[in-house]
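Enquirer: Before I ask anything, let me first share the structure, which is written out below as structure tokens.
Rule-based calculations on the coordinates, nothing more; no lab input. Just so it is clear, the model here is predicted, and its values are computed rather than measured. Neighbour counts are summed over all protein chains in view; Cβ atoms, including those assigned to glycine, are modelled from backbone coordinates with ideal geometry.
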Amino acid sequence: MSETMAQMGEEQMWAFELDGYILLPNLLGAAAAAHATPTALAEHAGLLAAIDQLAGGQVPLWYRAAYDGTEGKEQAFHTIQFALDRPPGRLTKEGQWANDLTVDEQRRLGYDTTSRPDRAYVWGLRALWAVDDSCVVVCPASHKANVHPPPSMSRAEELEATERVQLSAGDCLLAVATTLVGAVPGSALQECIFCDNTRFPGGASGHSTKRANSWIDELTPERRALVAGPPRGFGHDGQLLSNEQQLAPSLLSINGRPDAPDREEVWFWDLRGYLVLHNVMDRAWLAQCNAALDSPFAQANRRPVELSNSVVGTYPDYEGCSQTIAPAPGTRCTEERVSQTWAHPSPFSDGFRRMIDNPLVNARLAWMIDPGFVMTTCYTIVSRNGAAGQPLHSGWFYGAGHTYHFRDGQPRTEQVNIGWLLQDVETATGDGGLMLVPGSHKARRPLPRPKQTSCDLPQVKHMQGVAGTVIMYAGTTTHGVRSWRNPHRERRFVNTKAGPNIRRPAPDPGQPSP
Ligand SMILES: O=C(O)CCC(=O)C(=O)O
């Protein structure tokens with residue numbers, strides 16, 4: 001039981017920014033938690049210290065015009081402080097999202113990654129204290145959502161967009177206020193909502209309520225909407241917007257089209273940066289591709305991928321490298337590839353060319369990349385038992401630019417990678433293969449561990465699936481490859497990639513392909 005909070009490490013700061021929540025275990029003992037008053041929980045020193053470390057600090061007041069060349073000019077700083085937004089209360093709604101999704105909530109207590117180029121800004125926080133053993137359903141990365149969520153927790157669970165976090169009495173789950181959370185029935189949770197004190201703490205209970213004889217009463221409805229509400233604000237057509245209209249699905253531009261996508265899929269993609277499509281390839285198609293890869297032609301075209309000593313360490317011990325990505329001990333076994341698989345002669349390439357215009361995949365690319373998309377490459381990874389994988393790479397933080405945006409009501413993704421499973425992938429049988437860090441297409445902090453070991457972070461997801469599954473992921477979603485440790489089957493994974501429809505120079509035959 002700790003009144004004070006240990007210093008947050010890089011990993012916790014990274015996880016909080018990525019997922020929008022963190023578990024603070026054992027801040028109080030079970031008996032103390034059961035008897036603590038709401039005020040004592042809201043003022044708990046350990047909780048306040050965690051808030052300060054995760055979301056506090058100092059920000060320059062004039063971040064754009066901060067330096068104008070004046071020698072000795074002092075920068076002015078503002079210290080971020082949080083205040084209770086409303087009286088603490090029991091979280092009583094069970095099996096539903098706890099979030100109060102008014103427009104005001106979203107904007108006043110949300111998460112800002114755009115207004116300041118120098119940092120992400122948390123405006124509101126929700127602390128959920130377990131006053132008895134409890135379970136919270138959380139939707140990781142939902143604090144940065146651009147799309148309205150599914151109406152119920154159970155639908156989000158079906159989509160595999162949620163995690164269940166077990167809390168013992170005295171634990172506290174601290175989330176960004178807009179991270180979707182819900183109580184599992186039987187839980188006993190005390191909720192405290194904090195607001196950055198520059199963004200009208202108390203707004204929910206006091207700020208926008210109507211006062212008697214206020215000057216606001218004298219205003220026309222249009223003027224009142226602009227200074228107070230409700231309803232608040234105007235739409236593009238100059239008409240007053242109700243709360244319901246403001247909360248209408250944000251896929252404004254594509255919802256009206258005949259090819260409008262499944263809104264929940266778009267929500268999932270926006271949140272997690274990947275999408276799994278089941279049963280895209282049938283048995284005959286799988287057999288066609290696998291037979292091609294069994295052929296002497298494929299054997300003659302397999303090329304090993306070089307192992308980088310700076311990642312896996314030095315043969316034969318690979319010291320310092322996680323076994324998750326290292327080659328089998330004492331070997332130099334590497335990944336092999338058949339490059340530009342669809343460019344080879346028929347019949348070898350027939351099955352791979354079918355990946356160019358698959359309607360299930362391309363219907364998704366139409367809204368992921370828009371406007372317009374083209375297929376850019378196709379290579380096949382064939383890893384033998386013992387083959388090394390790849391360290392985590394890609395991500396907003398590392399890439400040439402921020403290649404995932406949400407603009408004019410829909411996602412824009414500079415590169416979508418499309419992984420086609422030609423064999424089953426199961427962690428338990430030693431299969432390796434693709435790993436993703438869900439939500440990392442919007443992450444603002446670098447990975448907190450070195451290249452050799454970041455694959456072992458608990459946020460890394462091994463993408464299992466049966467043959468025929470397709471995994472689409474944004475090129476900027478941090479990803480890597482687990483080493484392959486299955487003597488009974490090799491890895492067979494086709495990677496096609498798609499991007500915006502811009503004219504590219506013709507491939508240079510002198511340049512090596514992936
Ligand atoms: O082999 C894989 O699953 C991923 C390949 C990869 O990392 C890439 O294309 O950047």
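Enquirer: In what sequence, highest mean first, do 171-178, 89-96, 317-324 appear when ranked by Cβ atoms within 10 angstrom?
Expert: For the peptides 171-178, 89-96, 317-324, the packing ranking is 171-178, 317-324, 89-96.
Enquirer: Also, quick follow-up: To make sure I understand, if each residue's beta carbon is the centre and we count other beta carbons within 10 Å, what order do Asp104, Asp196, Asp357 fall in, fewest to most?
Expert: Asp357, Asp104, Asp196
Enquirer: Pop the C-beta distance of Val466 and Val227 into the FRET formula with R0 = 56 Å and round what comes out to the nearest 0.05.
Expert: 0.45
Enquirer: Assuming 0.36 nm per residue, please report the length gained on full extension of the stretch Asn290 to Glu319 beyond their Cα-Cα distance.
Expert: Between Asn290 and Glu319, full extension yields an extra 6.9 nm.
Enquirer: Still on this structure: ³J(HN,Hα) across segment 403-415 via Karplus (A = 6.51, B = -1.76, C = 1.60, θ = phi - 60°), whole Hz, x for Gly/Pro?
Expert: 9, 10, 9, 10, 9, 6, x, 7, x, 9, 10, 5, 9
Enquirer: Then there is this: For Arg449 and Thr427, what does the FRET efficiency come to when R0 = 22 Å and r is the distance between their Cβ atoms, rounded to the nearest 0.05?
Expert: Once the sixth-power term is evaluated, E becomes 0.65.
Enquirer: Now for a different question. Kindly state, to the nearest 0.05, the FRET efficiency for Asp350 paired with Ser152, given R0 = 51 Å and r defined as their beta-carbon distance.
Expert: Here the calculated transfer efficiency is 0.70.
Enquirer: Using 0.36 nm per residue, how much length does the chain from Arg107 to Phe297 gain when fully extended, once their Cα-Cα distance is taken away?
Expert: This chain segment gains 62.6 nm when fully extended.
Enquirer: Something else about it: Can you tell me how much longer the chain between Ala343 and Val59 gets when fully stretched, taken as 0.36 nm per residue apart minus their C-alpha distance, in nm with one decimal?
Expert: Net length gain for the segment: 96.9 nm.
Enquirer: I need the phi-derived Karplus couplings for segment 38-51: 6.51 cos²θ - 1.76 cosθ + 1.60, θ = phi - 60°, integer Hz, Gly and Pro marked x.
Expert: x, 5, 4, 5, 5, 9, 4, 4, x, 5, 5, 5, 5, 4
Enquirer: Taking amide H positions as placed in the peptide plane 1.01 Å from N, state which residues far from Phe373 in sequence (5 or more) or on other chains have amide H under 5 Å from it.
Expert: HN-HN under 5 Å from Phe373: Asn501.
Enquirer: Ok, one more. In sequence order, what are the phi-derived ³J(HN,Hα) couplings for segment 478-495 according to the Karplus relation 6.51 cos²θ - 1.76 cosθ + 1.60 with θ = phi - 60°, rounded to whole Hz, with x for glycine and proline?
Expert: 3J(HN,Hα) across segment 478-495, in whole Hz: 4, 9, x, 9, 6, 5, 9, 10, 10, x, 8, 8, 8, 6, 9, 9, 9, 10.
Enquirer: Of the peptides 31-38, 457-464, 107-114, how do they stack up when ordered by the mean number of other Cβ atoms within 10 Å, highest first?
Expert: For the peptides 31-38, 457-464, 107-114, the packing ranking is 107-114, 457-464, 31-38.
Enquirer: So, by mean Cβ neighbours within 10 angstrom, what's the order for 407-416, 126-135 with the highest one leading?
Expert: 126-135, 407-416
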